[in-house]
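Heads up: the structure comes next, in structure tokens.
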Amino acid sequence: MTIQLRPWNLNDLDRLVTLANHPDVARFMSDLFPHPYTREAGEKFIHWTIQNCPSTIMAIIADDQVAGSIGIHPQTDILRTNAEIGYWLGKDYWGMGIMSEAVRMMVPAGFEAYPQIQRIFGRVFGGNAASERVLEKAGFVQEGFFRDTLCKAGRHYDELIYAIRR
């Protein structure tokens with residue numbers, strides 16, 4: 001399977017809404033990722049990614065189809081030499097190694113786009129073993145574990161922090 005990363009565009013809207021509007025996709029995402037995922041949310045997201053400069057929020061393309069999204073989000077203030085990586089994949093694409101490859105592609109692009117960044121980290125919900133494996137396969141190491149830190153849909157989850165350094 002051929003994996004590519006490219007900027008989002010408005011032609012991706014229908015595919016974005018279809019893939020993102022699955023409860024299992026939203027399950028381990030922050031509350032900023034809405035469920036149900038509406039066309040309005042999709043339009044807002046795509047416009048936001050287009051305005052992001054440099055563009056480090058990309059569509060994941062698997063065999064010429066949008067399969068998900070990945071982004072590097074620089075931090076500010078005392079965390080200014082850090083960036084957070086965030087990602088999601090449509091459920092039909094789970095378990096195929098797509099996200100591990102996308103992370104391996106995105107990390108060097110993030111370091112190149114933001115020369116001040118020395119560390120890229122990812123937050124993983126406790127119980128999301130697939131996301132842990134994605135980051136480990138891409139060379140990230142677990143740096144932190146915080147019990148019952150994340151709250152999603154009225155339930156508390158452990159927070160695992162994985163990171164890779166320049």
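Taking segment 71-133, which chymotrypsin sites (Phe, Trp or Tyr not before Pro) meet the DSSP loop condition and have no more than 16 other C-beta atoms within 10 Å? Write down the numbers at each step before the final one.
Details: sites: TYR87, TRP88, TYR93, TRP94, PHE111, PHE121, PHE125; in loops: TRP94.
Filter output for segment 71-133: TRP94.
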Let me test this: with uniform point scatterers at the alpha carbons of segment 31-88, what is the Debye-based log₁₀ I(q)/I(0) at q = 0.13, 0.15, 0.22, 0.31 1/Å? -0.41, -0.54, -1.03, -1.29
Return the calculated 222 nm mean residue ellipticity for the chain, to the nearest 500 deg cm²/dmol, obtained by summing -39500 (n - 2.57) across DSSP H runs with n ≥ 4 and dividing by the residue count. -9000 deg cm²/dmol
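Is there a quick way to get the dipole size of the chain? I mean about its Cα centre, with the Cβ of Lys and Arg at +1 and of Asp and Glu at -1; what is the value in debye to the nearest 20? Kindly include the intermediate steps, with their values, before the conclusion.
Working: 17 positive and 19 negative charges, 57 e Å.
Charge dipole of the chain: 280 debye, to the nearest 20.
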Please name which of ILE70, GLN51, PHE111 has its Cα lying farthest along the dipole of segment 3-165 towards the positive end, using unit charges on Cβ (Lys, Arg +1; Asp, Glu -1) and the Cα centre as origin. PHE111
Using the Cα gyration tensor of the chain, with a ≥ b ≥ c the square roots of its eigenvalues, what is the shape: rounded (a/c below 1.5), prolate (a/b larger than b/c) or oblate (neither)? rounded
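Could you compute how fast segment 113-166 diffuses translationally, taking Rh as the Kirkwood radius over C-alpha pairs and applying Stokes-Einstein at 37 °C with viscosity 0.692 mPa s? Give it in µm² per second.
Working: Rh = 11.9 Å.
The Stokes-Einstein estimate is 276 µm²/s.
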Applied in sequence order to segment 148-163, the curve 6.51 cos²θ - 1.76 cosθ + 1.60 (Karplus, θ = phi - 60°) yields integer Hz couplings, x standing for Gly and Pro, of 6, 8, 8, 10, 9, 6, x, 10, 9, 10, 5, 10, 10, 10, 10, 8
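Every number in this text was worked out from the coordinates using simple rules, so none of it is lab data. Everything numeric in this text was worked out from a predicted model, so none of it was measured. Using ideal geometry, Cβ is built from the backbone for each residue, glycine included, and neighbour counts are taken over all protein chains shown.
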